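**Q** First the structure, then my questions, so here it is.
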Amino acid sequence: REVVSKNFIEQIIEKDLEEGHCKKIVTRFPPEPNGYLHIGHAKSILLNSGLADKYHGQFNLRFDDTNPTKEKVEFVESIKKDVEWIGGHFEDRVFFASDYFEQMYEAAVKLIKKGKAYVCDLSAEEIREYRGTLTEPGKNSPYRERTMEENLDLFERMKNGEFEDGSKVLRAKIDMSSSNINMRDPVIYRVSRMTHHNTGDKWCIYPMYDFAHPIEDAIEGVTHSICTLEFEDHRPLYDWVVRELEYENPPKQIEFAKLYLTNVITGKRYIKKLVEDGIVDGWDDPRLVSIAALRRRGFTPEAIRNFMELVGVSKSNSSVDYAMLEYCIREDLKLKKNRMMAVLDPIKLVITNYPEGQVEYMEVPNNQENEALGTRKVPFTRELYIDREDFKIEPPRKYFRLFPGNEVRLMHAYFVKCEDYITDDEGNVIEVHCTYDPETRSGSGFTGRKVKGTIHWVSAPTAVEAEVRLYENIVDEEKGVYNEDGSLNLNPNSLTVLNKCYVEPALKDAQKSDSFQFLRHGYFCVDSKDSTKEHLVFNRIVSQKSSYKP
Ligand code: ATP
Ligand code: MG
Ligand code: MG
C-alpha cells in the first residue's frame, strides 16, 4: 500500500530532523506491567516502533513501574512477548522506570534547590480544596513559602521514613491561579510504604506519574514521547519538568487519539470478571481482543499492522468497526494458506454406483489463487461426509445444492445426483444416496452438461475427527456493550463448539497455531492451548464472507 500523505506525527518528526532539533529519533512504548496488552496497545507499539524504523531511529520498551500497588512482575514477560510478536523492534532496549528512582529523587532535590518545589503538610482532601475549580483559581498552601533549607531537610526525612504515609508530599511550585489545573502546584512525590517488585523496601517515597514520565523519557534520550489524547492537558507540566530540570535535549510530548473498536471489551476489570465468572477461558480466550487472544484466535501481526495503517493516526477520537480487522485478516491469509475441505456438521453421502473399497486420489491445488503453494492428493471413496446444510429434502428457492433428483459437483471430483435419502425416527437425514457419472471427473474437460452447485466433502474412511469452535462477538451488538448499570450485555451464543467435525486426512499432522482456509467456511487455526495430536481443535478466525467494504 502506498502511503500518500504523512500523518501529523511524521510531519512533526520530519520538521524536527530538518531543523536539527534531533539527529536521530528515539520513541518508546511505556506499559505499566499491570495486565495483558490489548489491540489498543498494539496501535501504540506499532506507531512508536514504526516511526523509529521509518526514520532510522530507536524504539525502547520501558516498563512504567512506578506504582508498586498495581504491578506484578509476571506481566513483564508476557508484555515482552506480545510487543515482539506484534512487531515492536526493541531488541535489547528493555528499561524499567524503577531503575531511575535515584535520578528522580535527585531531580526533586534539584527543584527544591531552585526554589521550584516545596514540602506540603496539607492532607489530600485539603489539597483538593485548595486546588480550586475550572472557574475558580486555587489558593496557595500555607506551606508554600518554606525555605529551601527546610524543604531539603523535610524531603530527605520523607525519604528516610520519618513521616507517616500521606502526611507530607512534595509539590512543584508553579502557579495556583493557572487556568490549567494540572499546573496548580501538582504533587510530585508522596510518602507511601509499599514494597516494589524491583526495589523492594528501599523507597518509602514514590514519584507521581506526571513528574516521573518526562524524567524517564529524558534519561533514555527519547525525542518524541507519544501518548494518548487525555494527556494533552498535562503537556504544560511535562514541558515544565523538562525545562526546570534543564535537560539538554528535552523530549517532546505528542498526543494522538486512542484506538477504539466498536462493541469490544478492553477494560481490565470487565475482562477480569469474565475470567473469574468462567465466561471466558482466560485472558487469551479467542473472543477477547488482548494481543494474546488475537494470537490464539489466529490473527497475524501482518494483518494487525495493515489494520493499523488503514485506521491511521489522528487527533480526534472515533471508533472503528471490528469488521475492518476481519477484512484485514482475510486479506492476509487469502493467498498464503492452503484451502482444505472440512465438514462441520456431517451427514454421510453414499455413491451407490462407486466400487466398494476403491480409493482414487484427486490432485487438488492447495490454493487456486496461488500456484506456488503446490498441490496435494485427496482420497475419494464410495462413502463421504458432506455438510448437513448442503442437502435439503425440500429445497428453498434458488437452492442449487443437493436435493432429491438434483445433480451437483463434488468439488475437485465428480458430478453426483441425489437418488434417495435415509432419515432417523425423528426425521433427521442421516444418509444421502447418490450416483456419480465417471465422465465428469474434475480436470477431464467434460462439457456434456452443467451443474449449478458445487459442494465440498471429506472421504469417510480416512476422515480425521476434529473439534471446531465458532465465535461470535462476546457482547450483544444490538444492545451495545454496557447496560445502564454498567454491567455487560453478553451474547449467549458467542461460542459454538462442534464436537464431531471431519477434516481431510492432510490435516492430521496440523501443528498448534497452523492456519488454513476451510473451503466455504472461512479461516481456521489450530488452537494453541487445547489442541493435541489425538484431539485436534480448530478456532474459526473469521468466516468467509465479509460485511466490510474497503
Ligand atoms: P488500559 O487501562 O486499557 O490497560 P492503559 O493506558 O492503562 O490502558 P498503559 O499500560 O498505561 O495502559 O499503556 C501503555 C501505552 O499504551 C500508553 O502509552 C498508552 O497511551 C497506550 N494505549 C493504551 N490504550 C490505548 C489505545 N486504546 N489506543 C492507543 N494507545 C493506547
Ligand atoms: Mg495498562
Ligand atoms: Mg495507564
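Just so it is clear, none of the values below were taken in a lab; they were calculated from the coordinates. In this text, all values refer to a predicted model and were calculated from it rather than measured experimentally. Don't worry about glycine lacking a Cβ; one is built from the backbone with ideal geometry, like all the others, and counts go over all protein chains shown.
**Q** Looking at region 8-256, what % of its DSSP beta bridges pair antiparallel, to the nearest 5? Working shown, then result.
**A** Working: 11 of 23 bridges.
Given both bridge residues lie in region 8-256, the antiparallel proportion sits at roughly 50 percent.
**Q** Something else: Give the cross-link partners of residue 377 among the lysines, using a straight C-alpha distance below 28 Å as the criterion and excluding same-chain residues fewer than 8 apart.
**A** Cα-Cα hits under 28 Å: 334, 336, 337, 348, 417, 450, 452, 500, 508, 512, 533, 545.
**Q** Turning to a different aspect of this structure: Rounded to the nearest 5, what is the percent of antiparallel bridges among the DSSP beta bridges in the chain?
**A** 65 percent
**Q** With only alpha-carbon atoms counted, please give the Rg and Dmax of region 339-542, in Å.
**A** Rg, Dmax (Cα atoms, Å): 19.1, 66.
**Q** Under 27 Å Cα to Cα from residue 23, which lysines show up? Leave out anything in the same chain fewer than 8 places away.
**A** Within the straight-line limit of under 27 Å, residue 23 reaches these lysines: 6, 15, 43, 54, 252, 315.
**Q** Need one number: nm distance between label points at residue 309 and residue 375, each 7 Å from Cα along Cα→Cβ, rounded to one decimal.
**A** 3.4 nm
**Q** Using every Cα-Cα pair within the chain, state what percent have a distance larger than 35 Å.
**A** So the pairs more than 35 Å apart make up 52 percent of the total in the chain.
**Q** Calculated FRET efficiency, residue 162 and residue 194, Cβ-Cβ r, R0 22 Å, to nearest 0.05?
**A** 0.80
**Q** List every DSSP H helix in the chain whose Cα atoms extend 20 Å or more along the helix's own long axis and whose mean Kyte-Doolittle hydropathy is at least 0.0.
**A** The answer, listed by residue number, is 39-54.
**Q** Roughly how many nanometres apart are two label points built 7 Å out from the Cα toward the Cβ at residue 147 and residue 511?
**A** With each label point 7 Å from Cα toward Cβ, the separation is 7.3 nm.
**Q** Need one number: nm distance between label points at residue 272 and residue 447, each 7 Å from Cα along Cα→Cβ, rounded to one decimal.
**A** Going from the residue 272 label point to the residue 447 one covers 7.0 nm.
**Q** Would you pull out the residues with amide H under 5 Å of residue 370's amide H, same chain only if 5 or more places away, H placed 1.01 Å from N?
**A** none
**Q** Shifting gears a bit: Between 483, 493, 513, whose Cα lies farthest towards the positive end of the dipole of region 460-518 when Lys and Arg beta carbons carry +1 and Asp and Glu beta carbons carry -1, centred on the Cα centre?
**A** 513
**Q** Another question about this same structure. Convert each backbone phi in region 199-205 into a coupling constant with the Karplus relation 6.51 cos²θ - 1.76 cosθ + 1.60 (shift: θ = phi - 60°), then list the ³J(HN,Hα) values in order as whole Hz, x for Gly and Pro.
**A** With the stated coefficients, region 199-205 comes to 9, x, 9, 4, 10, 10, 10 Hz.
**Q** Here is a follow-up. Residue-wise, which Karplus ³J(HN,Hα) couplings in Hz belong to region 487-495, taking 6.51 cos²θ - 1.76 cosθ + 1.60, θ = phi - 60°, and x for glycine or proline?
**A** 3J(HN,Hα) across region 487-495, in whole Hz: 7, 8, 8, 8, 8, x, 9, 5, 10.
**Q** Could I ask something else about it? How would 418, 328 line up from fewest to most surrounding beta-carbon atoms within 10 angstrom? Walk me through the intermediate numbers first.
**A** Values: 418 21, 328 25.
The fewest-first ordering by Cβ neighbours comes to 418, 328.
**Q** Could you list 89, 56, 38 so that the one with the fewest beta carbons within 10 Å of its beta carbon is first and the one with the most is last?
**A** Taking fewest neighbouring Cβ atoms as first place, the list is 56, 89, 38.
**Q** Among all the lysines, which ones have a C-alpha under 22 Å from residue 113's C-alpha, if same-chain residues fewer than 8 places away are not counted?
**A** 159, 168, 173
**Q** Would you please give the FRET efficiency between residue 99 and residue 21, computed as 1/(1 + (r/R0)^6) with r the Cβ-Cβ distance and R0 = 25 Å, to the nearest 0.05?
**A** The value I calculate is 0.40.
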